[in-house]
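A short write-up of the structure that comes next.
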Amino acid sequence: MRTTASRTVLSLAALGLLVAGCGDDSKGAGASEPTGSGASESAPHTRPRALEVAKAWDGSSAAETWRAGYYPLGDPVQLPDGAFHSGADKEAYLTQNFALRGDLPETSRRDAKVTWRDGDSLTLPLMDARATYDKLGGSNGPGPRLTVTGAMLGETTVSTSRGPATVPAWLFTIEGYDTPLKRVALGPSKPPKSPIDAVDSPTNELWELDRVVAVAADGRSVTVRAHHGACDDGPAVDVLETDGSVVLSGYMVGTKDGVCTAQLLAKKVTVELDRPLGDRILLDAFTGRPARGAE
């Protein structure tokens, strides 16, 4: 198993404090060594916490609830073919700046069905076109905008905690694009209460993950956005696999001593698994909860 980090760094938020004493040279035995960001450093002491999280979840009632529900992983939006035509269009999407130039359809349908590849299904409330459009942003603010001219109800395939599933989606017509922008038309099931508490506060050795970005089609790798600071070489993610769960531990590599600027950054990190994720629960070691999806 190994991890690789992308080169794109996005500032998420400013921390309300200065972080002193950023350096920490502690290493952990038995943890995987990542490639990419911080390839020369072993993972720190992530394994004991990861084992606690896995033990708490494996075979628990929370795990049973999770496996019975709909919990999407990755992005609920599927972009039009060829997106984006310009830097301005990309900026409009990233800043959630949409303009509506047409009517959104109404529907009398109230239920939405999620269908997995094994034929199992689940019925949840359908999100109407307006509510789904609002999820895209719909701010219609200054700067570049993407113009929505209409929508129709259709379907798309998304990654979930139980594997790929077919779900209803609103297909928004975007001015200048030949294919629609698809947005999933339902929200996730209510999550169960975690059987283990979160860590009190982050350290260089363990940080909360931002979110899951994608799960590979074959389930053999997972891409997440992992946090790091301004005085290090970036994030890495250690992984602990059991029969019932995959526990991800985000940490920082190449930390420096001294006072750091108050920034919280994030990078995409891809974690490769020893076997497909399947219906194993993807857990964040810091929070002790399932890793957060895009919604």
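Listed here are the pairs Lys55/Lys256; Lys90/Lys256; Lys90/Lys182; Lys182/Lys268; Lys113/Lys182; Lys135/Lys268; which of them are more than 26 Å apart at the Cα? Kindly include the intermediate steps, with their values, before the conclusion.
Numbers: Lys55/Lys256 34 Å; Lys90/Lys256 35 Å; Lys90/Lys182 16 Å; Lys182/Lys268 23 Å; Lys113/Lys182 17 Å; Lys135/Lys268 23 Å.
Distance filter (> 26 Å) returns Lys55/Lys256; Lys90/Lys256.
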Taking amide hydrogens as modeled 1.01 Å from N in the peptide plane, which residues meet the under 5 Å criterion relative to Ala151, leaving out close sequence neighbours?
Thr173
Any residue on another chain or 5+ positions along whose placed amide H is under 5 Å from the amide H of Thr95 is listed here as none
Let me check I've understood the local charge: for Leu94, count other residues with C-beta under 13 angstrom from its C-beta, Lys and Arg +1, Asp and Glu -1. What total comes out?
-1
Name the residues whose placed amide hydrogens come within less than 5 Å of the amide hydrogen of Leu186, ignoring near sequence neighbours (fewer than 5 apart) on the same chain.
Met127
Karplus-derived 3J(HN,Hα) from phi for segment 170-178 (6.51 cos²θ - 1.76 cosθ + 1.60, θ = phi - 60°), whole Hz, x at Gly and Pro, runs 8, 9, 8, 7, 10, 4, x, 10, 7
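Tell me the relative contact order for segment 230-295 as a rounded percent, counting alpha carbon contacts under 8 Å between residues six or more apart.
36
Sort segment 69-140 into rounded, prolate or oblate with this rule: let a ≥ b ≥ c be the square roots of the eigenvalues of the Cα gyration tensor; rounded if a/c is under 1.5, and if a/c is not under 1.5, prolate when a/b is larger than b/c, oblate otherwise.
Oblate shape, in that a/c is at least 1.5 and b/c is the bigger or equal ratio.
Compute the length gained on full extension between Leu51 and Val259: take 0.36 nm times their separation in residues and subtract their Cα-Cα distance, giving the result in nm to one decimal.
Details: separation 208, 0.36 × 208 = 74.88 nm, distance 3.25 nm.
Length gained between Leu51 and Val259: 71.6 nm.
Any read-out appearing in this document is the output of simple, stated calculations on the displayed coordinates, not a laboratory observation. Here the structure is a predicted model, which is why all the values come from computation and not from measurement. Every residue, glycine as well, gets a Cβ built from its backbone with ideal geometry; the counts of neighbours run over all protein chains shown.
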